[in-house]
Amino acid sequence: MLIAACKPTVPKDIIQPEDMEDLLCDYYLAKAMGMQLGDRDENSDYRQNLYVEGAFRKHGVTQAEFDSSMVYYYAHANYLEDIYQRVSERLEKQAMALGANEGELGRYAVLNANGDTANIWAGRTNILLSPQPPRNKLFFEFETDSTSHKGDVFLFQFTCDYIYQSGAKDGVTVLNVYFEEDTIISRAVHFSNSGLIQLRLESPQDLTPCRINGFIYVGDGNTPSTVTRLLFVNNLQLIRFHRNERKHDNQEEPRTLSQDSVAPTVDRERPDTESPSSRDTIRKAGVLLSTDRRTGLH
């Protein structure tokens with residue numbers, strides 16, 4: 001009884017965790033429906049807002065109540081992390097129950113770590129980020145194995161959703177591949193919209209990858225912490241393709257980013273990241289990501 005009495009509880013005027021979990025499931029389904037109908041066009045934001053409002057009405061809450069509850073959970077990250085973990089699992093189960101097997105993520109959903117085309121991601125598949133350190137970045141690193149070949153192609157991809165009350169949406173993801181020949185190739189993509197994010201890196205045919213690392217980072221942490229600013233990252237995948245398989249088996253290559261989807265750019269204020277078009281993307285090993293206490297990543 002003493003332990004139960006000491007356990008912190010969510011205030012009554014805040015949407016309770018179980019109710020927030022149900023609401024967020026419908027919230028994301030509503031946003032997905034708004035995006036699916038007609039794809040991305042000038043009316044997609046209107047459709048998403050319309051379906052999201054329907055989700056709020058279904059659960060008997062207003063936009064203001066949702067926002068105030070998110071502010072509370074934003075300040076109590078332990079609650080929010082657990083909620084989003086369960087939401088992610090529920091959405092994935094619903095998608096599988098409906099036979100989801102298409103789309104860029106669905107194409108590789110059943111891959112394991114073996115085979116010519118393999119999902120070699122070994123970390124958690126979802127995470128909740130915010131601009132406030134230390135929750136503003138996800139760093140990952142994997143060692144390759146004997147199944148890696150010269151000239152392998154890597155596709156790093158995930159879905160993301162911004163939940164921002166205000167402020168600029170500034171996300172960046174970086175993928176670095178290290179080679180046995182003492183060479184590094186780096187690619188970076190900036191993204192400010194919700195949806196599917198992809199980053200493709202093709203190894204030279206004479207180089208053998210030995211290690212892979214990278215990060216997802218949410219910038220601009222100067223906004224007051226009372227303002228809700230969240231980035232939900234889900235369905236993290238790192239797909240490896242062997243060149244020979246695509247040549248001989250006519251395997252479809254991963255789709256490259258269209259010009260009007262996620263346009264990689266060089267951020268002059270972040271000299272430690274590069275765009276795929278940068279000339280200095282292949283270099284000898286050394287300091288890859290320079291940091292500075294004043295201007296570096298948190």
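FYI, it's all coordinate maths here, none of it is from the lab. Remember, predicted model here, so these are calculated numbers, not experimental data. All Cβ positions, glycine included, derive from the backbone under ideal geometry; neighbour counts span all protein chains shown.
Odds and ends about this structure:
- Proxy reagent accessibility, fewest Cβ within 10 Å first, across S203, S192, S44: S192, S44, S203
- Among F154, F139, F56, the order by Cβ neighbours within 10 angstrom, fewest to most, reads F139, F56, F154.
- Pairs from the table (K58/K137; K12/K93; K137/K169) lying more than 26 angstrom apart at Cα are K58/K137; K12/K93.
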